[in-house]
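Novice: Can you keep this structure in mind? I'll have questions shortly.
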Amino acid sequence: MPSIDGFQCEHKWVHLSTHYDRKSNGYVIMYTKLDTFFCEKCCETREIKREGQGYSSDPEPIWWRH
Ligand SMILES: [Zn+2]
């Protein structure tokens with residue numbers, strides 16, 4: 001029986017949720033997108049964060065639209 005220490009999960013990531021946020025300091029907007037995944041085999045979770053800036057006069061970035 002393999003020990004838990006040597007256990008290597010071949011993760012199967014399932015998308016859980018996406019969180020969108022934006023902060024403005026006037027002219028510049030900081031966009032944040034946070035994707036949360038969990039492994040349906042070992043239940044480990046991970047987050048993938050993406051950040052970017054844009055001017056308030058510009059349209060929202062494509063990756064941030066929802
Ligand atoms: Zn896993």
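Each value in this text was obtained by applying a stated rule to the coordinates, not by laboratory testing. This one's a predicted model, so the numbers in the text were calculated from it and none came from an experiment. Using ideal geometry, Cβ is built from the backbone for each residue, glycine included, and neighbour counts are taken over all protein chains shown.
Novice: Could you tell me the relative contact order of the chain? Use alpha-carbon pairs under 8 Å, at least six residues apart, and round to a whole percent.
Specialist: 29 percent
Novice: Largest first and in whole Å, what are the equivalent-ellipsoid semi-axes of segment 12-64 based on the Cα gyration tensor, each being the root of 5 times an eigenvalue?
Specialist: 30, 9, 6
Novice: Given Ser17, Trp63, Phe37, which one lies farthest toward the positive end of the charge dipole of the chain, if we put +1 on the Cβ of every Lys and Arg and -1 on the Cβ of every Asp and Glu?
Specialist: Trp63
Novice: State the number of lysine pairs found in segment 12-64 whose Cα atoms come within less than 21 Å, restricting to pairs 8 or more positions apart or on distinct chains.
Specialist: 5
Novice: For a quick check: sort Ile48, Ile62 by the number of other beta carbons within 10 angstrom, fewest at the front.
Specialist: Ile62, Ile48
Novice: I would also like to ask the following. Evaluate the distance, in nm, between pseudo-label points positioned 7 Å from the Cα of Arg65 and of Trp13 along their respective Cα→Cβ axes.
Specialist: Reported label-point gap for Arg65 and Trp13 is 2.4 nm.
Novice: Short version: ³J(HN,Hα) in whole Hz for each residue of segment 46-57, in order, from phi by Karplus 6.51 cos²θ - 1.76 cosθ + 1.60 (θ = phi - 60°), x for Gly and Pro, what are they?
Specialist: 8, 10, 10, 10, 10, 10, x, 10, x, 7, 5, 7
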